[in-house]
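Colleague: Below: one structure in structure tokens.
FYI, it's all coordinate maths here, none of it is from the lab. Everything numeric in this text was worked out from a predicted model, so none of it was measured. In this analysis, Cβ positions are derived from the backbone assuming ideal geometry, glycine residues included, and neighbour counts consider all displayed protein chains.
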Amino acid sequence: MTKRIIGLTGGIATGKTTVANYLASAYNLPVFDADIYARDTVSVGSPILSAIAQRYGKEILLADGNLNRQMLSEIIFPHPEERHWLESVIHPYVRDRFLQNIAESAASSIVLVIPLLFEAQMTDLVTEIWVVSCSQSQQLQRLIARNNLTPEQAQTRINSQLSLIEKAALADVVIDNSSTLEALLKQIDQAI
């Protein structure tokens, strides 16, 4: 039996977490999230956190030894070469965690939430690709509100990813999250 592996992606602040949470609660699907693994890679004492501190200086660490995410964001989002360096360090670890989860899961269907599915070249891990999309203005407003960013900061983060149009063109399923929650859930039900 072939395992159904849904690669759930989309732009920043488009609603991937809402979709993933619904798939987990309504359909009891195991959900594995790249963002959680990426956070694990920079835990206190990890070799990746040490490499980040070596590259950017000890100021990148908070007093308790944790990563100053705000400071790191201010370095990597305006400087693509720094973002690429960071991703080159983190993505192999994230890929390994996904491979481990896929191998260990007994479920016939699982969900991998990978915001940078295309950018990180992880499409080979999934059997189908779902892209969560919304209008550009909604994405910008959601990101500003969620992360307390200026419009310029939010736009820089959005621009650091492949566009929603490009992602949608590569998808097996496009879920439009520009309307109501009810409309969103109905699309998920149809796709599953």
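Colleague: Report, for the chain, the % of DSSP beta bridges that are antiparallel, rounded to 5. Please report the intermediate quantities before stating the final value.
Modeller: Numbers: 1 of 18 bridges.
Approximately 5 percent, going by the DSSP bridge assignments.
Colleague: Can you pull the percent of Cα pairs in region 1-104 with separation above 16 Å?
Modeller: Values: 3499 of 5356 pairs.
In whole percent, the long-distance tail amounts to 65.
Colleague: Related question: With the Cα gyration tensor of region 1-62 in hand, convert its eigenvalues to equivalent ellipsoid semi-axes via √(5λ) and list them largest first in whole Å. Display every interim value, and only then the final one.
Modeller: Numbers: eigenvalues 212, 39, 21 Å².
Here the semi-axes work out to 33, 14, 10 Å.
Colleague: Once the principal axes of the Cα atoms of region 113-158 are found, what is the range along each, listed largest first in whole angstroms?
Modeller: 36, 18, 14
Colleague: So, by mean Cβ neighbours within 10 angstrom, what's the order for 161-169, 5-13, 27-35 with the highest one leading?
Modeller: Values: 161-169: 15.3, 5-13: 24.2, 27-35: 17.1.
The most tightly packed comes first, giving 5-13, 27-35, 161-169.
Colleague: Now for a separate question. Once you put a point 7 Å from the Cα of Ser46 and another 7 Å from the Cα of Ala107, both along the Cβ direction, what distance in nm separates them?
Modeller: Computed distance between label sites Ser46 and Ala107 equals 2.2 nm.
Colleague: A further question on this structure: Rounded to the nearest 0.05, what FRET efficiency is calculated for Ser137 and Glu81 with R0 set to 41 Å and r the Cβ-Cβ distance? All intermediate terms of the calculation are to be shown ahead of the outcome.
Modeller: Details: r = 29 Å, r/R0 = 0.72.
The formula returns an efficiency of 0.90 here.
Colleague: Measure off 7 Å from each Cα along the Cα-to-Cβ vector at Ala183 and Ala24, then give the distance between these two points in nanometres to one decimal.
Modeller: Placing both labels 7 Å beyond Cα along the Cβ direction yields 2.6 nm.
Colleague: Okay, moving on. About its Cα centre, what dipole magnitude does the chain give when the only charges are +1 on Lys and Arg Cβ and -1 on Asp and Glu Cβ, stated in debye to the nearest 20? Don't jump to the answer; show the numbers that get you there.
Modeller: On the way: 15 positive and 20 negative charges, 36 e Å.
Its charge dipole is roughly 180 debye.
Colleague: Would you list, by chain and number, the aspartates and glutamates whose Cα falls below 13 Å from the Cα of Lys16, excluding same-chain residues fewer than 8 positions away?
Modeller: Counting by Cα, and skipping residues close in sequence, Lys16 has these aspartates and glutamates nearby: Asp33, Asp35, Asp176.
Colleague: Hey, another quick one. Given all pairs of different Cα atoms, what value in angstroms does the Kirkwood hydrodynamic radius of region 47-132 take?
Modeller: Numbers: mean 1/r = 0.0670 Å⁻¹.
Over region 47-132, the inverse of the mean reciprocal pair distance is 14.9 Å.
Colleague: Show that you can apply the helix-only estimate: for the chain, add -39,500 (n - 2.57) for every DSSP H stretch of four or more residues, divide by all residues, and state [θ] at 222 nm to the nearest 500.
Modeller: Values: 9 runs with 101 residues, N = 192.
Rounded to the nearest 500, the figure is -16000 deg cm²/dmol.
Colleague: Sticking with this structure for a sec: Provide Rg over Rh for region 75-192; use the alpha carbon set for both Rg and the Kirkwood Rh (inverse mean inverse pair distance).
Modeller: Using only Cα positions, Rg/Rh for region 75-192 is 0.98.
Colleague: Now, a different point. Normalising by the residue count of the chain, find the relative contact order in percent from Cα pairs under 8 Å and 6+ residues apart. Working shown, then result.
Modeller: Working: 250 pairs, mean separation 71.6, N = 192.
Normalised by residue count, the contact order of the chain is 37 percent.
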